[in-house]
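The values are calculated or read from the model by the stated rules, or taken from the named source; none is laboratory data. Values in this document were obtained by computation on a predicted structure and should not be read as measured data. Virtual Cβ from ideal backbone geometry, glycine too; neighbours counted across all protein chains shown.
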Amino acid sequence: MPELTPRQIVAELDRYIVGQTAAKKAVAVAIRNRWRRQQLSPELRHDITPKNIILIGPTGVGKTEIARRLAQLVGAPFIKVEATKFTEVGYVGRDVESIIRDLTESAVLMVKQQMKDQFRDKAAEQVTERLLDLLLPPVKTSPWDPEQETEENERRQRTREKMRQKLLAGELEDRVIELTIEAKNVPLRIISSMGMENLDVNLQSMLEQMMPRPNQTRSMTIREARTYLLEQESEALLERATVNERAIELVENHGIVFLDEIDKVCAAGSGAGPDISRQGVQRDLLPIVEGTTVNTKYGRVRTDHVLFIAAGAFHLAKPADLMPELQGRFPIRVELTDLTRDDFLRILTEPRHALTEQYRALLATEGIDLSFARDGIEAIADLAFELNRTSQNIGARRLHTLLERVVEDISYQGPDLANKQVRIDAAMVREKITPIMAKEDLSQYIL
């Protein structure tokens, strides 16, 4: 894990997310505390638990993006789940323990990729040898003539070295060879009850070990075969036990779970109505958040030091509506602010790969030179802020709606445009957007 200071983490998040400094600071400190914990003695390290966070704010202000960018930045196993997908045990839905199973699956893929990168050179050498075996199949010699066998082996070795040089120089990439590959088994699906979501996976794995996979021969170029063989050889070099051990260690000490829509499992109001499942989800989440052991197909995973970041708009409910025990497991609460007109202006221009840059790059693939005038960008920001204020507030997602509307005709006519120089100014923006604002029903234009 990179040893980033909180200030460096916030600076990296600023490259992609505008504003929300309080939320960025909170997650930066949480990540830094993980690094600090690793520097302590094992006895003290065991007693220090992560300080989980609740991000409170309307949709489209950056809650999910902060968690996603944070996980990419620190290279930690990360999973985003919706709290509304889970139900209490006994109801139809997903078991909350599947969160940790999915997180472990993500960590296994990360560790495999890291180890494959380490073994890439060795795997490439083995691929070269396998390709040479395919290009120069063995020649049968008489066991009664040792001299002929020795001479044939020497001749074959000289030919093999010449072919190796051509292979390494890329002169044989278009040569067609016959490659035998293993056919993939058809996945087995069964209907299982709650808590048995991994049963079909385990049963499929057991059947694969019991029944050999059918082989099939395919003709392909050496260029195509190299990709398949490199993946095959890299996979063969991995030690399953080592991968599983590292993945579990990664999840237990660095895993991040982003639990979105946490407010939807709050039983707001008097509690009347079918809220049993909502309360049940909170009860089932509690042991996962406070620390328990979850059985996965890779081994037992403890969740004591997994960082949980919950998020919700809390329009109809409030954090106090959560179970007191669950509230106590999220000691840090950060309120994200609504986006202002200046925030929209910054979102359109400042972040890396901003929306305006994305549209420029997309249309540049067809030779269209798209540019945005300053007053055009300001007009989009003004209209986005006004629409969010007067109708449903969907945050920065409003910019997607407006920009798509503005460039819709340009994108449609793109390949046939005679004039490839297109400049979007305030007059064009208002011409495209004013008819939308004049309508009372905006539902078809709201994401």
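Between T390, T401, the distinction of being touching a Leu at 6+ places or on another chain (Cβ under 8 Å) and of a type in the set (V, I, T) belongs to T401 only.
On the given criteria, is T87 surrounded by fewer than 21 Cβ atoms within 10 Å (Cβ to Cβ), touching a strand residue (DSSP E or B) at 6+ places or on another chain (Cβ under 9 Å), at pLDDT below 85 and not charged (D, E, K, R)?
For T87, the condition - surrounded by fewer than 21 Cβ atoms within 10 Å (Cβ to Cβ), touching a strand residue (DSSP E or B) at 6+ places or on another chain (Cβ under 9 Å), at pLDDT below 85 and not charged (D, E, K, R) - is met.
Checked against the criteria, S391 counts as more than 30 Å from the chain's Cα centre (by Cα), of a type in the set (G, A, S) and at pLDDT below 85.
Give the range 1-13 a look and list any residue that's hydrophobic (A, V, I, L, M, F, W, C) and either surrounded by 14 or more Cβ atoms within 10 Å (Cβ to Cβ) or in a loop (DSSP other than H, G, I, E, B) (or both), or say none.
Of everything in the range 1-13, those that are hydrophobic (A, V, I, L, M, F, W, C) and either surrounded by 14 or more Cβ atoms within 10 Å (Cβ to Cβ) or in a loop (DSSP other than H, G, I, E, B) (or both) turn out to be M1, L4, I9, V10, L13.
Considering only residues in the range 311-330 that are among the aliphatic types (A, V, I, L, M) and either at pLDDT 90 or above or not in a strand (DSSP E or B) (or both), the one that is farthest from V243 (Cα to Cα) turns out to be L316. When restricted to residues that are more than 30 Å from the chain's Cα centre (by Cα) and surrounded by fewer than 18 Cβ atoms within 10 Å (Cβ to Cβ), the range 348-377 contains 6.
Here Y16 meets each of (1) under 21 Å from the mean Cα position of the chain (by Cα); (2) modelled with pLDDT under 85; (3) of a type in the set (F, W, Y) with one exception, condition (2).
Counting only helices (runs of 4 or more DSSP H) that fall entirely inside the range 14-110 and contain at least 3 residues that are within 24 Å of L322 (Cβ to Cβ) and touching a residue at least 24 places away in the same chain (Cβ under 8 Å), the qualifying elements are 21-38, 63-74.
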